[in-house]
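Student: One structure follows; several queries about it will come next.
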Amino acid sequence: PAALSAYWHPLYSLLLYGVSALFPSREWDAFAGHLLNLALFVLGWVGFRLLAKAMAGGIAPERKPGLLRIADAVYFLSSLVLGQLWLITPDFLVALFIYVSVLLVIRATRDPGRRGHYISLGLALAAGYWTKAILFHYTLFLFGFLIAKPAALSRKYLLLGLAAFLALASIHALLLSHPTGRFSFTVAGRTAYVLEVNRLSSYGVADRGEAG
């Protein structure tokens, strides 16, 4: 299917398709993409604010409003300058899953006996991998660090969360692997070769220089 893109993993593509389907013609596709990114921008702000509140849990109540305003400023400045809201990319969705994952780790640290935190962490990161391949590496590093690190977290439940991630992520990996006949969790390397070696920009225009 078209959503199995070498450039993006399918979740963002499917969301784009769903939002575009709300409009009468393909002429609205660009608007639909910007509308989706605006919604993800707002959801990211909510997720970042929840994360900031969780991190400020031990701070005196009278100082929290000021810290939350600083967190808002950090989110808006970093998102507008670094996030490039005007481009139609899955980066805001990826950022949202990262905020959620850190928030769930904090909640699991404060309530290590609650199995739901660990399963939700695995599923959220799997959804992130369905958005962009980098979340595969991020997830393995995160769970490896948390399992190896002596902390209050339950290693049994961490393994359960990792199993939840692998169960959902493996579906996409199998879909990518089937056409090539070998295991692959991403095919972005080919796209990177075209962009970086053949010097083709992400807008489909070749840069100066000979093709590789």
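Student: Averaged over every viewing direction, what's the projected area of the C-alpha convex hull for region 1-131? Give it in nm², one decimal, please.
Tutor: With every direction weighted equally, the projected area is 9.5 nm².
Student: Also, I was wondering about something else. Can you give me the distance in nm between label points at residue 155 and residue 170, each placed 7 Å from the Cα along the Cα-to-Cβ direction?
Tutor: Inter-label distance under the simple model: 2.3 nm.
Student: Also, quick follow-up: Between residue 22 and residue 85, what length in nm is gained on full extension when 0.36 nm per residue of separation is reduced by their alpha carbon distance?
Tutor: This chain segment gains 20.6 nm when fully extended.
Any read-out appearing in this document is the output of simple, stated calculations on the displayed coordinates, not a laboratory observation. Just so it is clear, the structure is predicted and the values come from calculations on it, not from any experiment. We place every Cβ from the backbone using ideal geometry, glycine too, and count neighbours over all the protein chains shown.
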